[in-house]
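Rule-based calculations on the coordinates, nothing more; no lab input. Computed from a predicted model, the values in this text were never measured in an experiment. As a convention, Cβ positions derive from the backbone with ideal geometry for all residues, glycine included, and neighbour counts pool all protein chains shown.
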Amino acid sequence: MADQRFFRLRGPFSLAELASLADARLEQGDASKQIRDVAALDAAAEGHVTFLDNPKYTDQAKHTKADACVIRQDMIECLPSGVAALITDEPYRGYARIAAAFYPDAAEPNPLQPALAGIAVGAVIDPDAEIGDDCQIASGAVIEVGARIGARCRVGANATIGRGVVLGSDCVIGPGVTLTHCLIGSRVVIHAGARIGQDGFGFALGPKGHVKVPQIGRVVIEDDVEIGANSTIDRGSGPDTLIGRGCKIDNLVMIAHNVRLGPGCIVVAQTGISGSTEIGQGSVLAAQVGIAGHLKIGAGTQFAARSGVMKDVAAGQTMGGAPAIPMKQWLRQVVALNRLIKRRGVEE
């Protein structure tokens with residue numbers, strides 16, 4: 001169902017192969033049946049596999065025309081007769097693996113076309129830069145003195161890899177990205193327009209004028225991180241800014257100097273994290289969360305969209321509101337406020 005001008009379709013695959021990919025158990029289906037594509041519940045037709053993970057879409061599932069569906073055991077009754085069920089506790093994850101098999105190029109962000117393999121005409125590479133084997137460097141890219149790029153990396157058009165920057169192997173650097181003062185691990189994906197390693201916002205303020213504090217740290221990005229389009233990560237003022245292994249950062253995120261993200265954090269669009277704040281492993285920051293500086297956020301914390309975080313938070317908390325408070329307390333306040341407004345409306 002994807003536009004073939006942008007994505008190359010692979011397959012077909014048998015239901016048995018798809019079940020293996022999704023780590024699922026096949027029920028009410030012929031294991032040898034061939035599936036030729038993926039599709040959404042309401043758009044699927046014969047030869048398609050779809051998925052159901054959110055109960056909001058059970059009505060669509062009841063009318064789907066797909067040949068197979070990745071689904072949890074407790075939702076299987078939603079499927080029409082004749083639709084094969086690929087049973088797993090994690091349908092969305094299972095679907096992701098299946099879709100990646102049909103569209104492997106889409107599973108690799110910012111793929112460069114095979115015709116651009118090697119160093120394109122128009123790329124500018126300093127003689128003292130090191131380029132690993134099997135890299136793809138697009139036209140207009142600039143790689144400055146002392147930069148080191150690992151094997152099989154891809155650098156998009158007009159990206160800049162600054163002096164001394166280090167990339168591990170198998171990284172993807174999107175078009176227009178700027179990298180300075182940073183050390184980047186392997187299998188890191190940085191989408192178009194991201195800026196990493198620029199000055200942190202550091203000034204000694206005073207009535208005689210604001211004096212700039214030299215930002216002499218770096219940005220250190222560990223393996224398997226993904227950073228969204230037009231996000232910014234400032235280098236440290238002395239200590240490094242650190243993005244832990246496996247973090248996933250959405251578009252338009254701002255991370256200030258000296259911030260430390262533990263492994264596996266999720267940071268969603270338009271979130272801003274002020275300087276020197278530490279965020280523990282596996283934390284989730286929903287859209288437009290704002291976090292003040294010099295805070296310690298424990299591992300596994302979760303913040304609802306538009307939370308304003310102004311003090312330290314212990315591990316494992318779920319928070320909401322501005323200023324952020326425990327989720328249940330915030331929801332009670334919202335309900336109480338609504339009741340008060342309705343009551344005053346009646347009185348008036």
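Annotations for the structure displayed:
- GNM result for the chain, Cα springs below 10 Å: residue of VAL177, VAL267, VAL211 fluctuating most strongly: VAL211
- Relative contact order (%) - the chain, alpha-carbon pairs under 8 angstrom, separation at least six: 7 percent
- Computed extension gain for SER14 through ASN54, at 0.36 nm per residue and net of the alpha carbon distance, reaches 11.9 nm.
- Put a dot 7 Å past the Cα of ILE76, heading toward its Cβ, do the same for ARG339, and the two dots end up 4.4 nm apart.
- When only alpha carbons are used to place a centre, segment 6-53 and segment 181-203 end up 38 Å from one another.
- PHE6 paired with ARG25, simple spin-label distance in nm, labels 7 Å along Cα-to-beta-carbon: 3.8 nm
- For a label point 7 Å along the Cα-to-beta-carbon line of HIS294, residues of segment 190-206 with backbone N under 15 Å: 202-205
- Extension gain, ARG93 to ALA322, is 79.2 nm, computed as 0.36 nm per intervening residue step minus the present C-alpha separation.
- Overall dimensions of segment 236-328 as given by Cα atoms, namely Rg and Dmax in Å: 11.5, 39
- Rg/Rh for the chain stands at 1.06; both radii use Cα atoms, and Rh follows the Kirkwood definition.
- Pairwise Cα separations in segment 13-102 fall into 10 Å bins from 0 onward with the following percentages, short to long: 21, 62, 18, 0.
- Sequence-distant contacts, meaning Cα pairs under 8 Å at least 6 residues apart, place the relative contact order of segment 180-348 at 12 percent.
- Value of [θ]222 nm, deg cm²/dmol, for the chain, DSSP H segments ≥ 4, -39500 (n - 2.57) each, nearest 500: -4000 deg cm²/dmol
- For the chain, built as a Gaussian network whose Cα springs stay under 10 Å, the top-fluctuating residue of GLY209, GLY321, GLY174: GLY209
- Diffusion of segment 180-348 by Stokes-Einstein, at 4 °C in a medium of 1.567 mPa s and with Rh set to the Kirkwood radius over alpha-carbon pairs, works out to 77 µm²/s.
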